[in-house]
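See below for the structure under consideration.
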Amino acid sequence: MVYKLSKNNLNTKYVFVALCFVFLPVALLVSCLGISRKPEVVYKYDEYLKTTPEIRVLLLEGVSKAEIAISQSYSITNSDRTVDLAQGMDLPGSTIRLESGKFLIEPITSPGTLKIGNAVIETDGEIRIIPQRDGGFITLNKSKYLGNLLFIPGSNGCFTVLEEIGIEEYLPGVVGSEVPERWQDDAIFAQVVAARSYIVYQKKINGNSRFDIGKLGLAYNGSFTNQLKINEIVAKTRGVVMVYDWGILPGYFHSTCGGHTEDINLVFGLKSIPPLSGVICGYCGKSKYYRWAKGIKKSEIERKLQNYQFDIKHIYDIVAEKKGVGGHSSAVTVKHSCGSNSFDANSFRLMVGPNVLLSTAFTMREDGDSFVFDGKGWGHGVGLCQYGMEEMARSGVQWFDILKHYYPGINLMKIY
Ligand SMILES: [Zn+2]
């Protein structure tokens, strides 16, 4: 089945896409009767149909203070109903109302206690700040958020902040952080659908975890209010995701592949499937990250690995091993004065810094007190190549064909 959506007549095509739901119950019934050979891969899309899924996004973890500014009235709900009031606050039940203004949030001495402005809130659970009416937002450390903010006190004098937000409200912030709004419409369409598929999949597999999207999952600096084109494209593709073999496809994407995308099994150890096993890109040659050379001080790499409790001193060699179809490696061996350590390549890159060591597709040479890495691409290399996507759009390829190029074998489906 191929469901092609055109941005010019989305409504008509969505009707066609929606027709699949006539056949979906039949497929589910067939699978329940044991006729299908793959009932285990049939996801229950109906879980998502009634309302837009909400997700929890990790914003801050293990911090000792944060500043919030509140643009309108918000309520703060404390799960265990033990709230001490300070001047200017009132308490209907377990909810206090905070007037607009700037407040510093910090823990005080007893575990599980947060101080918000002058209010001291004791809790063993979450403290939720909820917007009182549409159009409001909360500024947390200078980024603006549309969703509810959850503050979770820890036992070590630190706290964690999550945002609870609908996927459609979250998407513009992600896409606006991932790609420039001036990029081609078809590139933005492809990016939106890939990101939505990734988020819906993460929501599904994370189940009852504390959060669905971690800090390394997606670029996100809060919600934006002035990106008209991105907001419009998110609205036009509302609920549209990529599916493969009746399953939601995790729409992995990255900046620049360097010529060939990578197999998901090599990078993340997940099952290799045709849409995520790597394709020739052929479109990202204009990216400044297509080929790169970067010198990094030996002492800097040692310090960063030591930060993760590895006893590594006097590194004399770093070898990228087990390269895949796209040239990215799955393992990195670090040789040093006390022996050698073998790392998962993507973890090694994240420890050194994802913006310092741009990809795991590299060779290394020594240059005095530095190592020089000659590499290609930026990011993990799996799925959609963003610079390739933009170049394809510039050459006239439509967004659904861009997605089908980078994720061969997928179909599109509107799930809510
Ligand atoms: Zn590429």
- Message: Using 0.36 nm times the number of residues separating PHE103 and LYS288, minus their current alpha carbon distance, what extension gain do you get?
- Response: 62.4 nm
- Query: In sequence order, what are the phi-derived ³J(HN,Hα) couplings for the range 161-168 according to the Karplus relation 6.51 cos²θ - 1.76 cosθ + 1.60 with θ = phi - 60°, rounded to whole Hz, with x for glycine and proline?
  - Reply: 10, 10, 10, 10, 8, x, 4, 5
- Message: Please rank ARG210, ARG128, fewest neighbouring Cβ atoms within 10 Å first, as an exposure proxy.
- Response: ARG210, ARG128
- Zone of LYS142's modelled label, taken as backbone nitrogen in the range 170-202 under 15 Å from a point 7 Å along Cα→Cβ: none
- Task: Show the residues, 5+ positions off or on another chain, whose built amide H is closer than 5 Å to the amide H of PHE362.
- Result: SER329
- Note on the structure: Per its Cα gyration tensor (rounded if a/c is under 1.5, else prolate when a/b beats b/c, else oblate), the range 154-278 is best filed as oblate
- Task: With a 10 Å radius around each residue's Cβ, average the other Cβ atoms per peptide and rank 235-241, 169-175, 187-193, 61-67, highest first.
- Result: 187-193, 169-175, 235-241, 61-67
- Query: Expressed as a whole number of Å, what is the distance separating the alpha-carbon centroids of the range 283-310 and the range 145-160?
  - Reply: 32
- From the residues VAL382, ILE402, SER337, which one has its Cα farthest along the dipole of the range 311-416 in the positive direction, the dipole being from +1 and -1 charges on Cβ of Lys/Arg and Asp/Glu about the Cα centre? ILE402
- Query: Rounded, prolate or oblate: which fits the range 253-314 when a ≥ b ≥ c are the square roots of the eigenvalues of the alpha-carbon gyration tensor, with rounded for a/c under 1.5 and prolate only if a/b beats b/c?
  - Reply: oblate
- Other-chain or far-sequence residues with amide H under 5 Å of LYS144's (modelled H): SER223
- Would you pull out the residues with amide H under 5 Å of LEU249's amide H, same chain only if 5 or more places away, H placed 1.01 Å from N? MET242, VAL243, TYR244
- Return PHE103, PHE137 ranked ascending by Cβ neighbour count within 10 Å, so the fewest neighbours appear first. PHE103, PHE137
- Task: Sort the following peptides by mean Cβ neighbour count (other Cβ atoms within 10 Å, averaged over residues), highest first: 356-367, 399-410, 305-316.
- Result: 399-410, 356-367, 305-316
- Query: Toward the positive end of the charge dipole of the range 292-375, about the Cα centre and with charges on Cβ (Lys, Arg +1; Asp, Glu -1), which of GLY295, PRO354, VAL319 goes farthest?
  - Reply: PRO354
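The numbers here are math on the coordinates, done by the rules we state, and not lab data. A quick note: this is a predicted structure, and the numbers were derived from the prediction, not measured. Here the Cβ is made from the backbone with ideal geometry for all residues, glycine too, and neighbour counts use every protein chain on show.
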